[in-house]
Amino acid sequence: MHDASYSMTFIEKDIRENAYYESDKRYIMRFPRLVLTPIGIWPLLKGQVSKTEKFLSFIFLLTCFVLMCFILIPSTINILVFENDINILMKNIGPTIFCFSSAIKYFYFVWHRQDFRICIEYVENDWKAVREKKDRIIMLKYAILSRRLTKLSAIFLYVGGISFHTIMPFIAGRHFVGNVTVKTLIYNGYDIFFDYQTSPTYEIVLSIHCFTAVIMYNITTASCSLAAVFVTHVCARIEIVMSRINDLVDDTSDNYKYISYRLATIVREHVNVLRFAKIIERVLREICLFELVVSSLTTCLLEYHCITEWENSDGVAISIYFILFISLSFNIFIFCYIGELLVEKCSQVAQACYNNRWYYLSKKKALDFLLITMISQYPPKITAGKIVELSLYTFGKVLNTSFVYLNVLRTITKENISIS
């Protein structure tokens, strides 16, 4: 009789909704919604959308793809076929690689929209089912962490990126080829198709570059924001499981009567969280791989440009390249940090089981902790394409690899300059 009444009480608590659900949902999803809505992705991640939203989303998607192709096609042709100056080539490769990776990630968001929708719905349902105040406090703590990581990433990325696309063309100024004045752009190759040197064609192309840059930074910020939201949510749920374990055995006699129900609840929550962590790894592995490879290449090129501009004594250019270097390094640091955080938090479940007062239980019930402990010895990991595990060690290896590439790049450029 007591068991049945306890079970019914638990079910009633389980279906009770969080009174602050709507405000919590807006808070946790504010940044992903803010960056994904202008590029047409957010309506695709919602459960039900109107025909108007679908149409507008299609228009935004088509516009963004066209604008990125407007950069990629001429710039790629110019790099592969026409450009012979090694210094100009080095300055064009980095932005083109970043644009290409942004286009791939953008297509990935669209193609895997159903997977991202499942993850978002999982997070929202967890917020909806929060029953206790301390659980909500734990989840808010990790929600604040994800927002702070996203804010820092966005600040560095937009400040450095927008400065690069607006200031650098004017710093480079105009140079002369024979008797012709040539205006500079971040992305070259348009002279193959039309004369962009005349006004207002040059101003229009420059404006399109700046607008497309905002799209690319939205895509990059969105990938960081969603990864931070999903992984920190898993960490919050794991901490709640640990809190349940710590409170499992106390001095009250009623606690021992219903220990099986409480332990079953803990196991169920733990298994659900681990399943969600596997879904996150499957959804993010390709994005993490692109971030890892692109960040290694672009940070190497940015280090090269910082050294080159230092030799040219160009303080403004050095500042812009350095901010971009910090933003892209911090970008990959976020992925590595949340990967490290996930492993560390999931591994702490075993310690919580050991620190619990399991020795007051019967032998049979105490053995139930063994399975939880064994599972926590193999925590879920965020990987880059199932090739590299993301951790702080990986972040150090990325920076080390970029410096190795830098030495190779400087050797190659010096040899080309000496030959020419």
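Brief remarks on what is shown
- Residues that are touching a His at 6+ places or on another chain (Cβ under 9 Å) and of a type in the set (V, I, T), drawn from the range 367-392: I372, I375
- For the range 234-254, the set of residues classified as open to solvent by 10 Å² or more (accessible area, probe 1.4 Å), in contact with a helix residue (DSSP H, G or I) (Cβ under 9 Å, 6 or more places away or on another chain) and either among the polar types (S, T, N, Q) or at pLDDT 90 or above (or both) consists of R237, E239, S243, N246, listed by residue number.
- Residue that is of a type in the set (D, E, K, R) and closer than 27 Å to R275 by Cβ, where the choices are E344, E303, E311: E344
- Test for L292: is it closer than 30 Å to Y378 by Cα, touching a strand residue (DSSP E or B) at 6+ places or on another chain (Cβ under 8 Å) and in a helix (DSSP H, G or I): yes
- All conditions but one from (1) under 21 Å from F330 (Cβ atoms); (2) surrounded by 15 or more Cβ atoms within 10 Å (Cβ to Cβ) apply to I167; the one that does not is (2).
- Selected residue (only one of K386, K381, K363 is of a type in the set (K, R) and more than 18 Å from the chain's Cα centre (by Cα)): K363
- Hits in the range 25-58 (condition: open to solvent by less than 60 Å² (accessible area, probe 1.4 Å) and in contact with a Pro (Cβ under 6 Å, 6 or more places away or on another chain)): V49, S57
- Of the residues making up the range 350-384, those that are at pLDDT 85 or above and either out of contact with any helix residue (DSSP H, G or I) (no Cβ under 7 Å at 6 or more places or on another chain) or not polar (S, T, N, Q) (or both) number 6.
- Test result for F70, crowded, with 16+ Cβ neighbours inside 10 Å and under 20 Å from H209 (Cβ atoms): yes
- Answer residue from the range 109-135, given it is of a type in the set (D, E) and farther than 15 Å from V234 by Cα and is surrounded by the most Cβ atoms within 10 Å (Cβ to Cβ) among those: D115
- Filtered by the rule that a residue be touching a residue at least 60 places away in the same chain (Cβ under 8 Å) and touching a Cys at 6+ places or on another chain (Cβ under 9 Å), the range 337-361 gives I338, G339, L341, L342, K345, C346.
- N272 vs. criteria within 28 Å of the chain's Cα centre (by Cα) and surrounded by fewer than 17 Cβ atoms within 10 Å (Cβ to Cβ): yes
- Any hit, the range 221-228, residues being modelled with pLDDT under 90, of a type outside the set (D, E) and touching a Phe, Trp or Tyr at 6+ places or on another chain (Cβ under 6 Å): no
- Some residue of the range 14-27 being under 25 Å from the mean Cα position of the chain (by Cα), assigned to a helix (DSSP H, G or I) and either closer than 21 Å to S207 by Cα or modelled with pLDDT under 80 (or both): yes
- Breaking point among (1) at pLDDT below 85; (2) surrounded by 20 or more Cβ atoms within 10 Å (Cβ to Cβ); (3) closer than 24 Å to L157 by Cα, for L89: (2)
The values are calculated or read from the model by the stated rules, or taken from the named source; none is laboratory data. Owing to the predicted nature of the structure, the values given are computational and were not obtained by experimental measurement. When we count neighbours, we look across all protein chains shown, and the Cβ atoms used for this are built from the backbone with ideal geometry, even at glycine. Areas reflect the complete protein model, heavy atoms only, side chains present, ligands, DNA and RNA absent. Shrake-Rupley method; radii C 1.70, N 1.55, O 1.52, S 1.80 Å.
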